[in-house]
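Asker: Quick one: this structure, given as structure tokens, is what I'll be asking you about.
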């Protein structure tokens, strides 16, 4: 279905869909973090890039992000992949076009396609993830490069060695660093001191690689990005922050339905709304949020680092399960997306995950292809 969007499948796509992160509410007076661990409230970490592609609404007041009393100057965002709105529409669209092309080469088993032959990538993990490791390692290998896995015990960011030292040492050995970290400030500091591109594999604040995979999936299934109506049902976590930062660049409709006390970071919401590109709403009514939606998205209610809150969250999120009845309120051709792993029977039913409108496994595969598009953009352009 092509609605004549800004970026069509033929032109080279873009889209997005995520899950979300919470803020201080009735049951906890602190920000939770969804898939990334505890997060800090306040201004948007990072900010947009300089020059004509700068997004003033997002970048304003973000010349330095403050964490734990220390100011971190924003790195050269255009050289790294930290936030989606560090790039223009054209740049993100080109990454997705290249991702689609790389996917075709992968499916065709084209062994001659090795644009990153001889390159090395250090993969730094403080938060484990099978999907992130396998998708990056396999993808980089298919592009001709070699990836090195550094587990939490090996790297011990901020414990055995300062982040800025790790960044400079790894830069001397590798062509790119991928970091999946709990703390967003560690990512920004790594990017500030690294002499090679740094890719955000996930932090407590955002998860741009997942959104690129979601974008590629939406384009493949729907044909266009512009005007896509996305309803996210669940926790206002780090995934929605990436969605909001994308919506600051591309015109979309994004509605987040979450229980009271689990809303996404208000500064990120306000900045995305101020950008004036998209219709953005925060709701507490799942049925209203998904009405007529083109995409229905959810995520786990309790992520790593939140398991001690699991029972409380299960009670708080009653009525926010994506089941067949809720999907029926969306558009008849609506897609169901989930970044996985899914807790079937909690945030979604088995019938929805396995149903005809589910694209979750296509979405999971597209993590590798979307990331390949990012890698090629950063290293081969």
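Asker: Conditions: (1) crowded, with 19+ Cβ neighbours inside 10 Å; (2) in contact with a strand residue (DSSP E or B) (Cβ under 6 Å, 6 or more places away or on another chain); (3) under 27 Å from residue 120 (Cβ atoms). Residue 237 meets all but one. Number of the miss?
Answerer: Unmet condition: (3).
Asker: Find the residue count for segment 132-163, including only residues that are at pLDDT 95 or above, assigned to a helix (DSSP H, G or I) and under 23 Å from residue 340 (Cα atoms).
Answerer: Number of matching residues: 9.
Asker: Additional query: Quick one: how many residues across segment 164-184 are buried (at least 22 other Cβ atoms within 10 Å of the Cβ) and part of a helix (DSSP H, G or I)?
Answerer: Going through segment 164-184 one residue at a time, the tally reaches 4.
Asker: Please specify each residue of segment 86-100 satisfying the condition of being in a helix (DSSP H, G or I) and either touching a residue at least 12 places away in the same chain (Cβ under 8 Å) or buried (at least 20 other Cβ atoms within 10 Å of the Cβ) (or both). Walk me through how you get there before you give the answer.
Answerer: The first filter runs over segment 86-100 and keeps only residues in a helix (DSSP H, G or I), leaving 86, 89-100.
Scanning segment 86-100 gives 86, 89, 91, 92, 93, 94, 95, 96, 97, 98, 99, 100.
Asker: Might you check whether a residue that is at pLDDT 95 or above, in contact with a strand residue (DSSP E or B) (Cβ under 7 Å, 6 or more places away or on another chain) and farther than 29 Å from residue 268 by Cα occurs anywhere in segment 174-195?
Answerer: Yes; the residues of segment 174-195 include at least one that is at pLDDT 95 or above, in contact with a strand residue (DSSP E or B) (Cβ under 7 Å, 6 or more places away or on another chain) and farther than 29 Å from residue 268 by Cα.
Yes or no, residue by residue, for (1) crowded, with 24+ Cβ neighbours inside 10 Å; (2) touching a helix residue (DSSP H, G or I) at 6+ places or on another chain (Cβ under 6 Å); (3) at positive phi:
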| site | (1), (2), (3) |
| --- | --- |
| 192 | no, no, no |
| 204 | yes, yes, no |
| 207 | yes, yes, no |
| 211 | yes, yes, no |
| 221 | no, no, no |
| 224 | no, no, no |
| 227 | no, no, yes |
| 231 | yes, yes, no |
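Asker: Among the helices (runs of 4 or more DSSP H) contained in segment 288-381, which hold 1 or more residues that are in the same structural domain as residue 109 (by TED's automatic domain parsing) and surrounded by fewer than 23 Cβ atoms within 10 Å (Cβ to Cβ)? Write out each step before concluding.
Answerer: On the way: elements: 310-316, 324-327, 350-353, 360-380.
Qualifying helices (runs of 4 or more DSSP H): 360-380.
Asker: Limited to segment 355-381, what total is found for residues that are out of contact with any strand residue (DSSP E or B) (no Cβ under 9 Å at 6 or more places or on another chain) and without any contact (Cβ under 8 Å) to a residue 24 or more places away in the chain?
Answerer: Qualifying residue count, segment 355-381: 4.
Asker: Name, by its number, the condition in (1) at pLDDT 95 or above; (2) in contact with a helix residue (DSSP H, G or I) (Cβ under 9 Å, 6 or more places away or on another chain) that does not hold for residue 379.
Answerer: (2)
A quick yes/no check of all residues on (1) in contact (Cβ under 8 Å) with a residue 12 or more places away in the chain; (2) more than 21 Å from residue 242 (Cβ to Cβ):
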{"site": "264", "(1), (2)": "yes, no"}
{"site": "281", "(1), (2)": "yes, no"}
{"site": "288", "(1), (2)": "yes, yes"}
{"site": "304", "(1), (2)": "yes, no"}
{"site": "320", "(1), (2)": "yes, no"}
{"site": "328", "(1), (2)": "no, yes"}
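The values are calculated or read from the model by the stated rules, or taken from the named source; none is laboratory data. All values reported here derive from a predicted model rather than from experimental measurement. Here the Cβ is made from the backbone with ideal geometry for all residues, glycine too, and neighbour counts use every protein chain on show.
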